[in-house]
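Working notes, structure below.
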Amino acid sequence: MAAYLLRLLETNPDQVFSTMTENLSKKNNNPNGKVCGNCSALEGSDSAPKLSACSQCGLVFYCGRDCQRAHWKANHKQRCISKADRLPQHEKHSETSKIAGSDAAATGQSCAICQDPLEGASACALPCAHVFHSACVADLRKFGVQQACPLCRVPLPPGPEKAYDDATRRYVTVLQMVERSHMSWSDLPKWAQEEVDAVIVEWRAVADEGHVSAQFNLGVTYLRGRGVAQSDEEAARWFRMAADQGYRDAQYQVGSMFEEGCGVAQSDEQAAQWYRKAAGQGDLNAQNNLGTIFKNGCGVAQSDVEAFKWYRMAADQGLAVAENNLGFMFVQGRGVAQNDKEAARWFRKAAKQGSADAQCKLGEMLMAGRGVAQSDAEAFKWYRMAADQGHVVAECTVGFMFKQGRGVAQNDKEAVRWYRKAAKQGNPEAQFNLAGMLIEGHGVAQSDVEAFKWAKMAADQGLAAAQFSLGSMFEEGCGVAQSDVEATQWYRKAADQGHAEAQFNMENMLKEGRGVA
């Protein structure tokens with residue numbers, strides 16, 4: 001259950017938590033850090049001069065008995081964990097077990113359950129100091145026999161699964177508080193840091209016993225620096241332990257870390273191997289990444305057919321990025337027969353899920369009438385969706401459509417606004433178009449100086465039209481000091497890219513002896 005809560009938290013935290021932890025997140029707005037768990041009254045206010053803590057967990061506060069009863073019945077009863085249950089008792093037992101187990105193995109003792117010799121790596125000492133194989137103790141719990149030492153009948157300590165679940169429930173409480181209050185993990189309240197420290201102790205203890213979910217959670221914790229010093233190396237170590245046991249999510253993470261060289265030496269070959277393992281177990285992101293690896297030939301022999309196969313697997317299960325990638329494979333005819341209609345179908349699937357890349361590509365196909373009925377209005381709709389997400393190409397195209405009045409009422413001011421958005425993100429076409437609007441004074445106050453600035457940015461990125469325009473501005477002294485030498489240089493750069501007008505202007509200037517240094 002705890003593992004499920006952690007996974008659910010990543011996508012929809014509001015679905016997991018109650019008012020109890022929501023109120024804890026209000027600490028930033030309350031100097032005392034205390035809020036009534038039921039009515040949200042702040043300590044020190046007229047209605048709640050002083051709050052009292054829950055006598056069992058000590059983590060939730062109430063302004064009176066009525067609020068405490070109401071909150072207990074509503075949801076706190078299921079989430080309240082006593083102070084004693086939050087103590088990191090498993091750590092002490094784990095260390096005692098290792099020492100006693102090693103001593104028993106050294107003296108050649110045998111396990112009293114299976115009668116086989118004890119080995120240091122598998123020996124487990126109970127609180128009563130009797131030593132058995134870890135697997136034998138696990139079997140006692142597994143087969144439902146009396147939970148006690150077979151020799152002296154002292155009750156067994158909590159099993160790793162219970163220790164993991166209890167620790168994870170406590171971690172989820174702190175995590176939710178951080179998420180909702182936008183608190184920094186490096187500046188947790190004292191009680192919350194103590195909780196995280198205790199959770200890490202418990203997770204480490206059961207992870208050392210091979211608990212795969214604890215190993216994976218430790219990897220995530222160190223990767224993101226949640227209550228611990230961020231460490232890619234530690235994250236990779238714990239992910240690898242879980243991956244070696246076949247844990248799918250960990251296999252994907254190990255593949256990602258090898259691909260990026262994060263915490264491990266970069267290796268496309270290792271990345272491909274681990275992605276393949278996770279993909280074989282149905283991990284959608286691993287399938288998509290494996291498709292890209294085959295498409296680019298990174299760490300594997302390049303194969304469009306293999307790339308298409310893996311993209312298709314993930315796309316058929318609804319992964320938006322894979323649907324978008326599959327659309328490009330159909331557009332380009334890579335690994336499959338070229339088919340604009342199929343491409344548009346997959347782009348639309350991804351676009352409906354919010355993929356800005358797919359929305360932009362679908363807009364392009366609608367405007368050109370490729371694979372779909374031509375429609376400027378429909379194209380504008382999808383371009384605008386992508387532009388609203390900050391997609392730079394879509395922003396530039398929306399500006400163009402406002403300028404031309406295609407699919408939308410013509411509006412120079414809107415055109416300038418969208419060109420400027422894309423220009424600030426470094427799009428050379430938008431920078432050049434914005435310069436044109438500034439020169440003409442369309443939708444914006446006319447300014448040759450401002451126009452020169454944006455045209456120069458586009459020209460520096462190699463846009464031939466901008467280089468030609470810059471040559472003209474230097475030749476005419478428009479927005480910049482007149483310079484035939486500079487004009488000739490920029491005309492030459494545009495001419496080298498096949499710009500006919502630039503070549504004509506440059507040749508005329510040279511014939512007239514202008515622009516010669």
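Out of the residues in region 321-336 that are among the hydrophobic types (A, V, I, L, M, F, W, C) and crowded, with 20+ Cβ neighbours inside 10 Å, state the one that is farthest from Ala279 (Cα to Cα).
Result: Val331.
Inside region 444-478, can you point out the residues that are farther than 14 Å from Pro428 by Cα and surrounded by fewer than 20 Cβ atoms within 10 Å (Cβ to Cβ)? Write out each step before concluding.
Start the filter on region 444-478 by keeping residues that are farther than 14 Å from Pro428 by Cα, which leaves 444-450, 471-478.
Within region 444-478, Val444, Ala445, Gln446, Ser447, Asp448, Val449, Glu450, Ser472, Glu476, Gly477, Cys478 meet the criteria.
Where the second residue is among the acidic types (Asp, Glu) and crowded, with 24+ Cβ neighbours inside 10 Å and the first is over 14 Å from Val321 (Cα atoms) and lies in region 349-375, which pairs have Cβ atoms under 8 Å and are six or more apart or on separate chains?
none
Of everything in region 174-221, what is touching a residue at least 60 places away in the same chain (Cβ under 8 Å) and either in contact with a strand residue (DSSP E or B) (Cβ under 7 Å, 6 or more places away or on another chain) or within 14 Å of Ala163 (Cβ to Cβ) (or both)? Give them in sequence order.
If the condition is that a residue be touching a residue at least 60 places away in the same chain (Cβ under 8 Å) and either in contact with a strand residue (DSSP E or B) (Cβ under 7 Å, 6 or more places away or on another chain) or within 14 Å of Ala163 (Cβ to Cβ) (or both), then Ala198, Val201, Glu202, Arg204, Ala205, Val206, Asp208, Glu209, Ser213, Asn217 are the ones that fit.
Which one is surrounded by the fewest Cβ atoms within 10 Å (Cβ to Cβ) among residues in region 229-245 that are free of Cβ contacts under 8 Å to residues at least 24 places away in the same chain and assigned to a loop (DSSP other than H, G, I, E, B)?
It comes out as Ala229.
Take Asn339 and tell me if it is surrounded by fewer than 21 Cβ atoms within 10 Å (Cβ to Cβ) and within 23 Å of Gln215 (Cα to Cα).
Against the criterion (surrounded by fewer than 21 Cβ atoms within 10 Å (Cβ to Cβ) and within 23 Å of Gln215 (Cα to Cα)), Asn339 does not qualify.
Can you name the number of the only condition in (1) under 20 Å from Asn433 (Cα atoms); (2) loosely packed, with under 13 Cβ neighbours inside 10 Å that Ala481 fails?
That leaves (1) as the condition not met.
Values in this text are rule-based calculations from the coordinates and carry no lab data. A quick note: this is a predicted structure, and the numbers were derived from the prediction, not measured. Neighbour counts are summed over all protein chains in view; Cβ atoms, including those assigned to glycine, are modelled from backbone coordinates with ideal geometry.
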